[in-house]
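**Q** Please read through the structure below; I'll follow up with questions.
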Amino acid sequence: MLKPDYPIVTGRLVLRPFRPEDLDALNSFQSRADVARYLYWGPRSRAESAAALAKRVHSSTVSDEGQFLAVAVELTETGQLIGDLTLEYVSAEHRQGEIGFVFHPDHHGRGLALEAAGELLRLGFEELGLHRIVGRCDGRNQASSALMERLGMRREAHLRENEMVKGVWTDELVYAVLEDEWRLARS
C-alpha cells in the first residue's frame, strides 16, 4: 500500500493530494491545445477537467494493482498548481508501475518537472516497493522523452506507428528504470 505522508516538500515544490478547489488551475493547462497535443485527450472543457479532477481527488493513495496515485504539484513560493503527476500500480506480482506527468507550459524549462517526477519515482520504489517503473510518450514529444532520460530512465522501445491517436498514426517511446539502477544513481 502507498499512502504518502503529505505534503511532500522539495526545494521548490509541494506535492499533495488534489482538492476540488483545484479545478480552475487544472483546467488552465488541461484546456490548452499545446498541452494536449501529444496526449490521448484533446483540450478539455471545464466540465471534462472537473470529471478528471473528481477521479484525482479520490486517488491520493494506492492499495491494489490497477489503481493510480494522483499528485498535485504546486509552487512553494506562490501555492499555484502547476502540474499533475500519476503513478499507476500496474502489477503487484511483478512489482511494476508506470509514471505520467503533465505540467503547465509557463513552468517548462526550469527543472520543476524533474524535481517532482523524481519524487514520484522515490514513492514508487521506496514506499510502494516497485521493482520497475516505466514511462511512455508520443514519439514526437521531445520534452517528455528528455525528462525521462534526465530521470535516469533508459529507452527500451521505439514502437513505430503503433497507435492511432487523434486520427494520426503515432510512434510510442517506452522508458524504464529498475529499482537497483535508481538507487545506484542516487548514491
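**Q** Would segment 24-35 turn up any residue that is free of Cβ contacts under 8 Å to residues at least 12 places away in the same chain and in a loop (DSSP other than H, G, I, E, B)?
**A** Within segment 24-35, none of the residues are free of Cβ contacts under 8 Å to residues at least 12 places away in the same chain and in a loop (DSSP other than H, G, I, E, B).
**Q** Taking segment 150-161, which residues are open to solvent by 30 Å² or more (accessible area, probe 1.4 Å), part of a strand (DSSP E or B) and under 27 Å from Leu130 (Cα atoms)?
**A** Arg154, Arg155, Glu156, His158, Leu159
**Q** Do you know which of the residues in segment 12-64 that are closer than 24 Å to Asn141 by Cβ and polar (S, T, N, Q) is surrounded by the fewest Cβ atoms within 10 Å (Cβ to Cβ)?
**A** It comes out as Ser45.
**Q** Of the residues that sit in segment 134-154 and are charged (D, E, K, R) and touching a Leu at 6+ places or on another chain (Cβ under 8 Å), which one is farthest from Glu98 (Cα to Cα)?
**A** This residue is Arg150.
**Q** Test Glu93 against the criterion of being open to solvent by 30 Å² or more (accessible area, probe 1.4 Å), within 26 Å of Lys166 (Cα to Cα) and not hydrophobic (A, V, I, L, M, F, W, C), and give yes or no.
**A** No, not satisfied.
**Q** Please go through segment 162-187 and give me each residue that is within 16 Å of Arg37 (Cα to Cα), open to solvent by less than 80 Å² (accessible area, probe 1.4 Å) and among the hydrophobic types (A, V, I, L, M, F, W, C), ordered by number.
**A** Val165, Val168, Leu173
Conditions tested, residue by residue: (1) part of a strand (DSSP E or B); (2) at positive phi; (3) crowded, with 21+ Cβ neighbours inside 10 Å; (4) at pLDDT 95 or above.
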position: Gly66; (1), (2), (3), (4): no, yes, no, yes
position: Ile82; (1), (2), (3), (4): yes, no, yes, yes
position: Tyr89; (1), (2), (3), (4): yes, no, yes, yes
position: Gly100; (1), (2), (3), (4): yes, no, no, yes
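**Q** Turning to a different aspect of this structure: Considering (1) without any contact (Cβ under 8 Å) to a residue 60 or more places away in the chain; (2) closer than 21 Å to Val165 by Cα; (3) under 18 Å from the mean Cα position of the chain (by Cα), say which one Ala70 fails and leave the rest.
**A** Unmet for Ala70, out of (1) without any contact (Cβ under 8 Å) to a residue 60 or more places away in the chain; (2) closer than 21 Å to Val165 by Cα; (3) under 18 Å from the mean Cα position of the chain (by Cα): (2).
**Q** Any residue in segment 118-147 that is open to solvent by less than 10 Å² (accessible area, probe 1.4 Å) sitting within a Cβ distance under 7 Å of a residue that is modelled with pLDDT of 95 or more and assigned to a loop (DSSP other than H, G, I, E, B)? List the pairs, counting only those 6 or more apart or interchain.
**A** Leu121/Leu151; Leu123/Pro4; Gly124/Leu130; Leu130/Arg95; Gly135/Met153
The values are calculated or read from the model by the stated rules, or taken from the named source; none is laboratory data. No experiment lies behind these values; they were computed from the predicted model shown. Heads up, the Cβs are rebuilt from the backbone with ideal geometry, glycines too, and the neighbour counts pull from every protein chain shown. The protein model used for the area step is the full one, side chains on, heavy atoms only, and it has no ligands, DNA or RNA in it. Shrake-Rupley method; radii C 1.70, N 1.55, O 1.52, S 1.80 Å.
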